[in-house]
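*Asks:* One structure is given below, represented as structure tokens, and several questions about it will come after.
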Amino acid sequence: MFKKFTREDVHTRTNVKSSIQRGLKTKFTSQFEKFEEVIDDVIPKKSQVEILKCEDKIQLYIADGETVFFQQFDELIPSLKLVHKYPDAFPKVRVDRGAIKFVLSGANVMCPGLTSAGGELPEAPGYPEGTIVTIYAEGKEHALAVGKLMMSTEDIKSKNKGICIESCTYLGDGLWNFHAD
């Protein structure tokens, strides 16, 4: 999604009204319940949130000069920098060592990368299809990507074949290197 993202991909930049800002905070915390405790640290009540409308109907939400989350169509997705600040606020999965180089090049995650010896999925009932998850690597402390589950974690374990996570953003992509100033 952000493989070749640059400043030229930004079309408009506008301030978000405080009423819309409250709605965004509510929507984000309903998507990620654990994030409710820290949402006021990320987007303080008196801060100004900006929206950057970009190519491919992507919208970036900037708070205090930093990309907090982005949206393509209806779903709010946290930026990787936000995930690094609040790692316990988001659903997690872990890929094995063999998948690291592929994920860092923007590839989608395949089922065997999560079900092999170094991979890790949550215990049942797990996460449903469509859940936004943070992707960690075997032996690493910080997340290397954020993606969307293409099948439930139970289906990933049972099928163990095909693409299971669509990559949204990853370390070193255009969003990671983007500065809103």
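*Asks:* Within the range 138-163, which residues are within 24 Å of Phe5 (Cα to Cα) and not β-branched (Val, Ile, Thr)?
*Replies:* Hits for the range 138-163 are His142, Ala143, Leu144, Ala145, Gly147, Lys148, Leu149, Met150.
*Asks:* Right, next: Among the listed residues Val93, Val133, which satisfies the condition of being farther than 23 Å from Val10 by Cα, in contact with a Gly (Cβ under 7 Å, 6 or more places away or on another chain) and of a type in the set (A, V, I, L, M)?
*Replies:* Val133
*Asks:* Determine, yes or no, whether Lys27 is touching a strand residue (DSSP E or B) at 6+ places or on another chain (Cβ under 9 Å), among the basic types (Lys, Arg), open to solvent by less than 70 Å² (accessible area, probe 1.4 Å) and at pLDDT 90 or above. Give the derivation first.
*Replies:* Numbers: touching a strand residue (DSSP E or B) at 6+ places or on another chain (Cβ under 9 Å): yes; among the basic types (Lys, Arg): yes; open to solvent by less than 70 Å² (accessible area, probe 1.4 Å): yes; at pLDDT 90 or above: yes.
Yes, satisfied.
*Asks:* Thr12 fails exactly one of the following numbered conditions: (1) under 21 Å from Trp176 (Cβ atoms); (2) part of a strand (DSSP E or B); (3) not small (Gly, Ala, Ser). What is the number of that condition?
*Replies:* Of everything listed in (1) under 21 Å from Trp176 (Cβ atoms); (2) part of a strand (DSSP E or B); (3) not small (Gly, Ala, Ser), Thr12 misses just condition (1).
A quick yes/no check of all residues on (1) touching a residue at least 24 places away in the same chain (Cβ under 8 Å); (2) touching a Pro at 6+ places or on another chain (Cβ under 8 Å); (3) open to solvent by less than 90 Å² (accessible area, probe 1.4 Å); (4) outside the structural domain of Glu138 (by the TED database):
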residue: Met1; (1), (2), (3), (4): yes, no, yes, yes
residue: Asp41; (1), (2), (3), (4): no, no, no, yes
residue: Asp56; (1), (2), (3), (4): yes, no, no, yes
residue: Ile77; (1), (2), (3), (4): yes, no, yes, yes
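*Asks:* Further question: Cβ contacts < 7 Å: first residue assigned by the TED database to the domain that holds Ala143, restricted to the range 103-122; second residue aliphatic (A, V, I, L, M) and part of a helix (DSSP H, G or I), any location; separation 6+ or different chain. Result?
*Replies:* From residues that are assigned by the TED database to the domain that holds Ala143, the pairs are Val109/Ala99; Val109/Val103; Cys111/Ile156; Gly113/Ala99; Leu114/Ile156; Thr115/Ile156; Leu121/Leu114; Leu121/Ile156.
*Asks:* Could I ask something else about it? Does at least one position in the range 131-143 carry a residue that is surrounded by fewer than 17 Cβ atoms within 10 Å (Cβ to Cβ) and more than 25 Å from Phe28 (Cα to Cα)?
*Replies:* Yes: one or more hits.
*Asks:* Could we say that Lys81 is within 22 Å of Leu60 (Cα to Cα), modelled with pLDDT of 95 or more and open to solvent by 20 Å² or more (accessible area, probe 1.4 Å) here? Don't jump to the end; show me each part of the working.
*Replies:* Working: within 22 Å of Leu60 (Cα to Cα): yes; modelled with pLDDT of 95 or more: no; open to solvent by 20 Å² or more (accessible area, probe 1.4 Å): yes.
No.
*Asks:* Only one of (1) over 13 Å from the mean Cα position of the chain (by Cα); (2) under 23 Å from Lys34 (Cα atoms); (3) in contact (Cβ under 8 Å) with a residue 40 or more places away in the chain fails for Ile156. Which number is that?
*Replies:* Failing condition for Ile156: (2).
*Asks:* Give the number of residues within the range 144-163 that are small (Gly, Ala, Ser) and surrounded by fewer than 23 Cβ atoms within 10 Å (Cβ to Cβ). Full working, then the answer.
*Replies:* Taking the range 144-163 and keeping what is small (Gly, Ala, Ser), we get 145, 147, 152, 158, 162.
Narrowing further to those that are surrounded by fewer than 23 Cβ atoms within 10 Å (Cβ to Cβ): 152, 158, 162.
Matching residues across the range 144-163 total 3.
*Asks:* Continuing with the same structure: For the range 21-65, which residues satisfy the criterion of being within 19 Å of Ala180 (Cβ to Cβ), of a type outside the set (Ser, Thr, Tyr) and in a loop (DSSP other than H, G, I, E, B)?
*Replies:* Once the filter is applied, which keeps residues that are within 19 Å of Ala180 (Cβ to Cβ), of a type outside the set (Ser, Thr, Tyr) and in a loop (DSSP other than H, G, I, E, B), the range 21-65 yields Ile43, Pro44, Lys46, Gln48, Asp64, Gly65.
*Asks:* Right, here's the next one. Does Glu166 satisfy the criteria of being within 17 Å of the chain's Cα centre (by Cα) and exposed (fewer than 15 other Cβ atoms within 10 Å of the Cβ)?
*Replies:* For Glu166, the condition - within 17 Å of the chain's Cα centre (by Cα) and exposed (fewer than 15 other Cβ atoms within 10 Å of the Cβ) - is met.
The values are calculated or read from the model by the stated rules, or taken from the named source; none is laboratory data. What you see is a predicted model; the values in this text were computed from it and never measured. Using ideal geometry, Cβ is built from the backbone for each residue, glycine included, and neighbour counts are taken over all protein chains shown. Just so you know, the surface numbers come from the protein's heavy atoms only, side chains and all, with ligands and any DNA or RNA stripped out. Shrake-Rupley method; radii C 1.70, N 1.55, O 1.52, S 1.80 Å.
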